[in-house]
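To keep things clear, I will list the structure first and then write my remarks on it.
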Amino acid sequence: MDDLVRIENLSIRYGEKAVVRNVTLAAPRNGILGIVGPAGSGKSSLLTALNRTIDFVPSARVEGRVTLDGADVRSLDISDVRRRVAMVLPLPVGLPMSVYENVAFAPRMVGVKRRAELDEIVERCLTQAALWEEVKDRLNMLGTRLSGGQQQRLTLARALSTDPDVLCLDEFSIAIDPVTTMRIEAVLMELKAHMTIILVTNLLMQARRIADVTAFMLNGELVEVGRTGELFVFARDPRTSDYLAGKFG
Amino acid sequence: MTTPIARRRPSPWIRYVEFVIEGLIRVCGLSAIVFILAIFLFIGKEGIGFLLTHLGGMLSSTDWSPTHDTPTFGLVALLVGTVWCVGLSLLVSVPVGLAAAVFLSEFASDRWREFLKVVVELLAAIPSVVWGFIGVMMLNPLLQSAGAQVGLNGLNGAIVLALMTLPLLVSLGEDALRAVPESYRQAAIAMGATKWEMVWRVLLPAARRGLLVAVLLGVGRCVGETMAVLMVTGHAVRIPHSLYDPVRTLTATIAAELGEAVRGGEHYQALFALGILLFFVTFVVNLVADYTVRARRMG
C-alpha cells in the first residue's frame, strides 16, 4: 500500500506518564485514516506528533519516528512540516482578524502578495470548507464574530490554505451541529482525492461513514487497525469489538 | 421533635447587623466619590476664577514670571516642557517596555520570567525622589560627558520618566499579552508561522487594546510625575530647541512655587489653575483608558 504518513514505534511520554506506547501505523495516500478510542487513549497526542505541535508541551518526550513521504518530520524544517501537515483542533480558533485574513494568513507568510492570487485562495478554501456562501458578503468581518460552527469551518478553510499534503482533524465536530458535520464529512470525501486525511473521532459512526481505514487505540496502545468495513464487522481483538459495539468507552 | 432546618428562621437581629454592614460598605464606596469631588471643588475654588479670566493670556505667552513687579503667567513653555518630557520618555519606554513584555510573556523560560517579574516590581517600588537622585548623580555627569552643557535637562527628565514608567508598561503589557488565549498562539504556529511571525501578526493585534491601556496609564503617570522631574529637568522656563535644553513642567512648577506663593494672591491662584489643567489632562487620559478597557470587554 502507498502510505504518505508512516508512524513507526512511536511512544510519547509527558514526564513519567506514557500516553502513547510503541504505535506503528500508516495513513494511505488519498485516503482517510480514522482513529477511534475512548478519552485518554492517546489519539490527540499521536496527532500532535505528526506536525510536531507536540513541541509546545515542554515535558513531552517522543521516541520512534514519523515520516512524511519517507522523510523524518524531525529532519524537516518545522514550519514546512506544519504547512504540509495541517491541523484542525476540537474547538474552533478564529484568529482575531478578518475572515479573509484568517484564510490568507498562511499564504501571506510564505510571501503571496498579489491580491488576485490571495482572493483565489480565500475563495477556494472557504468553498471547500462549505463556508463561502455564508461569508462571501462579509469577508471583512472579524473571524471571531462568526458562530461556533462557522468558526470551525473557518478553521478548516485556514488549514486548507496551505494546500497541505496531510489534513489532521481532531474531533472536529464536537462544537458543531449535525447538519454542518455532515456537510464537512462530504467535503472530506472530496478532499481525499488530493490529500491524506487523518481523522480522530469519538463518533464511531463518523469513522464508519467516511474512514477508509480505522485504527482503534486504548490506553496509548494501538489495539487493532484494519479496513473500516472489516474492522466494524470482524474485529479480531475482543476489546475492539466490545468498544465498537458500545460496551465501554 | 426538632423543627427541620427548612422551617427554622435566623434570629431577627441578624437583619439589623446586615443593615449596618450594608450601610458601612455604602459609605466606603461613596466616600471615594466624595473625596474626588472635594479635591475637584478645592482646586476649582482656588483656581477656576483665575483660569477663566487669564486663560487667553496664559495660552498665548511663553513667559512665566509670576513674581515680577508686573507678573506674567504664560503657560506655553510649561505645557511644551511637559509634553516634551512625556513624549520623549514614551519614545523610549513604549518600545522597550512592550518588547520586554513580549519577551517576558512569550520568550522567557518560567524561571527567568519569575525572576524578571520580581525585578520589575522592585523597579516599580523605587520612590520617585530616588529616581531624582539617580538623574542628578548618574545621568547628569553622563549627559555632560556626552556633550550637554548642563546635564540637568529635558533629556535627563525623559530618561528618568521612561525608567519610572517602564515597570508599569512591562507588567500591564505582560498581563495583556498573557490574556490572549493560548489557542491563538498554537493556531498561528500550527499554520507554519515562526514564533516571531506569531507575535507580530497575531499576538500584538489581539492584545492591542490592553497594550494601549498600558501605554495610556503610562502617559498618565508621566504627566503627573513631579519630584523626579523637578530634580532633573533643569527647571528653566523655555521652549526646548535641542535634547540638551533644560525645561520645566507643570507639576514641577506647582511643587516648587506653591510654598512661596502668597496665599490667595494671583500667583497662588495661577498655580491652582495649573493644577486644574493637570487634573483635566490626567482625567481625560484615564477616561480614554477606561473607555478602551470597556470596548475590549464588549468586543
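Would you confirm whether any residue within the range A:113-124 is away from chain B (no Cβ under 12 Å), assigned to a helix (DSSP H, G or I), basic (Lys, Arg) and farther than 21 Å from residue A:85 by Cα? There is at least one residue in the range A:113-124 that is away from chain B (no Cβ under 12 Å), assigned to a helix (DSSP H, G or I), basic (Lys, Arg) and farther than 21 Å from residue A:85 by Cα. When the range A:125-147 is filtered for residues that are away from every other protein chain (no Cβ under 13 Å) and either within 19 Å of the chain's Cα centre (by Cα) or small (Gly, Ala, Ser) (or both), the ones remaining, listed by number, are A:126, A:127, A:128, A:129, A:130, A:131, A:147. If you filter the range B:176-197 down to residues that are in contact (Cβ under 8 Å) with a residue 24 or more places away in the chain and of a type in the set (A, V, I, L, M), you find that the one that is nearest to the other protein chains (Cβ to nearest Cβ) is B:180.
Checked against the criteria, residue B:292 counts as of a type in the set (Ser, Thr, Tyr) and closer than 26 Å to residue B:104 by Cα.
Please go through the range A:193-221 and pick out each residue that is part of a strand (DSSP E or B) and out of contact with any Ser or Thr (no Cβ under 7 Å at 6 or more places or on another chain). Don't jump to the end; show me each part of the working.
Here is the first cut: in the range A:193-221, the residues part of a strand (DSSP E or B) are A:196-200, A:213-218, A:221.
Of everything in the range A:193-221, those that are part of a strand (DSSP E or B) and out of contact with any Ser or Thr (no Cβ under 7 Å at 6 or more places or on another chain) turn out to be A:196, A:197, A:198, A:199, A:215, A:221.
Among A:162, A:127, A:144, which is touching an Asp or Glu at 6+ places or on another chain (Cβ under 9 Å) and not in a strand (DSSP E or B)?
On the way: A:162 fails: touching an Asp or Glu at 6+ places or on another chain (Cβ under 9 Å); A:144 fails: touching an Asp or Glu at 6+ places or on another chain (Cβ under 9 Å).
Result: A:127 is the single residue among A:162, A:127, A:144 that is touching an Asp or Glu at 6+ places or on another chain (Cβ under 9 Å) and not in a strand (DSSP E or B).
When the range A:50-60 is filtered for residues that are surrounded by 13 or more Cβ atoms within 10 Å (Cβ to Cβ) and either small (Gly, Ala, Ser) or away from every other protein chain (no Cβ under 14 Å) (or both), only A:60 remains.
Go over the candidates A:87, A:97 one by one and state the one that is in contact with a Phe, Trp or Tyr (Cβ under 9 Å, 6 or more places away or on another chain) and within 14 Å of another protein chain (Cβ to nearest Cβ). It would help to see each step written out before you state the result.
On the way: A:87 fails: in contact with a Phe, Trp or Tyr (Cβ under 9 Å, 6 or more places away or on another chain).
Just one listed residue meets the conditions, A:97.
Out of curiosity, is residue B:230 buried (at least 18 other Cβ atoms within 10 Å of the Cβ) and farther than 29 Å from residue B:292 by Cβ? Yes, satisfied.
Could you say whether any residue in the range B:53-64 is more than 30 Å from residue B:153 (Cβ to Cβ) and more than 29 Å from the chain's Cα centre (by Cα)? Steps first, please.
So in the range B:53-64, the residues more than 30 Å from residue B:153 (Cβ to Cβ) come out as B:53, B:56.
This time we only want the ones that are more than 29 Å from the chain's Cα centre (by Cα), so: B:53.
Among the residues of the range B:53-64, at least one is more than 30 Å from residue B:153 (Cβ to Cβ) and more than 29 Å from the chain's Cα centre (by Cα), which makes the answer yes.
Tell me yes or no: at least one residue of the range A:31-39 is outside any helix (DSSP H, G or I), within 14 Å of chain B (Cβ to nearest Cβ) and buried (at least 17 other Cβ atoms within 10 Å of the Cβ). No, the conditions are met nowhere in the range A:31-39.
When you look at residue B:206, is it within 14 Å of another protein chain (Cβ to nearest Cβ) and either surrounded by fewer than 23 Cβ atoms within 10 Å (Cβ to Cβ) or acidic (Asp, Glu) (or both), yes or no? Step through it out loud before you land on a result.
Details: within 14 Å of another protein chain (Cβ to nearest Cβ): yes; either surrounded by fewer than 23 Cβ atoms within 10 Å (Cβ to Cβ) or acidic (Asp, Glu) (or both): yes.
Criteria met by residue B:206.
Among the residues of the range B:138-162, those that are modelled with pLDDT under 90 and on the phi < 0 side of the Ramachandran plot comprise B:148, B:149, B:150, B:151. Scanning the range B:127-162 for residues that are surrounded by 15 or more Cβ atoms within 10 Å (Cβ to Cβ) and either free of Cβ contacts under 8 Å to residues at least 60 places away in the same chain or in a loop (DSSP other than H, G, I, E, B) (or both) gives B:134, B:144, B:148, B:151, B:152, B:153.
Only one residue in B:214, B:252, B:270 is over 27 Å from residue B:135 (Cα atoms), surrounded by 21 or more Cβ atoms within 10 Å (Cβ to Cβ) and among the hydrophobic types (A, V, I, L, M, F, W, C), so which one is that? Let's see the steps before the verdict.
On the way: B:214 fails: over 27 Å from residue B:135 (Cα atoms); B:252 fails: over 27 Å from residue B:135 (Cα atoms).
Result of the check over B:214, B:252, B:270: B:270.
Of the set (1) within 14 Å of another protein chain (Cβ to nearest Cβ); (2) touching a Pro at 6+ places or on another chain (Cβ under 6 Å); (3) at positive phi, all apply to residue A:171 but (1).
The values are calculated or read from the model by the stated rules, or taken from the named source; none is laboratory data. These numbers were taken from a predicted model, which means no experiment stands behind them. Virtual Cβ from ideal backbone geometry, glycine too; neighbours counted across all protein chains shown.
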